[in-house]
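Have a look at the structure below, then the notes.
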Amino acid sequence: MSATPPKLSDQKYCKDCGSMIDARAEICPHCGVRQMQVPASGGKSRIAAALLAFFLGGFGAHKFYLGQVGLGILYVIFCWTFVPAIVAFIEFILYLVMSDDAFDRKYNQA
Ligand SMILES: [Zn+2]
């Protein structure tokens with residue numbers, strides 16, 4: 001599909017000293033400060049996924065958002081049955097009750 005153009009998305013600024021560091025770095029090599037889970041430009045937001053599931057879930061918008069394109073297409077194909085809308089609503093609740101940690105482990109791992 002569409003290849004995302006190479007960006008500086010694999011770099012971020014240390015929240016403490018402002019040095020450019022690897023986006024996946026947990027600890028800044030410059031000042032040693034642990035980086036909190038900054039929503040990096042490539043990172044997926046649990047809340048955004050939940051909102052997409054709620055409003056556009058019947059069309060699999062949250063699946064496309066989470067990179068599960070195959071599943072997203074299935075949602076689109078079957079959207080007229082309203083089954084994807086029901087599943088998406090369940091997923092909406094799951095995203096809401098899921099901890100950020102669990103969400104990151106599931107969807108923000110390379
Ligand atoms: Zn630093």
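Computed from the coordinates by the stated procedures, all read-outs in this text should not be read as laboratory data. Source: prediction; values computed, not measured. Cβ sites come from the backbone with ideal geometry, for glycine too, and all protein chains shown count toward neighbours.
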Express the relative contact order of the chain as a whole percentage, based on alpha carbon pairs under 8 Å and six or more residues apart in sequence.
20
Cα pair distances in the stretch 48-92, grouped into 5 Å bins until the bin that holds the longest one, percent each:
6, 33, 37, 21, 3
Kyte-Doolittle cut-off 1.6, length cut-off 18 Å along the helix's own axis using Cα: show which whole DSSP H helices in the chain pass.
83-97
Quick one: plug the Kirkwood hydrodynamic radius of the chain (C-alpha pairs) into Stokes-Einstein at 20 °C, 1.002 mPa s, and report D in µm²/s.
139
Can you compute the charge dipole magnitude of the chain about its Cα centre, using +1 on each Lys and Arg Cβ and -1 on each Asp and Glu Cβ, nothing else charged? Give it in debye, rounded to the nearest 20.
100
Build a GNM of the chain with springs between Cα atoms under 10 Å: which of F92, F59, F78 gets the top mean-square fluctuation?
F78
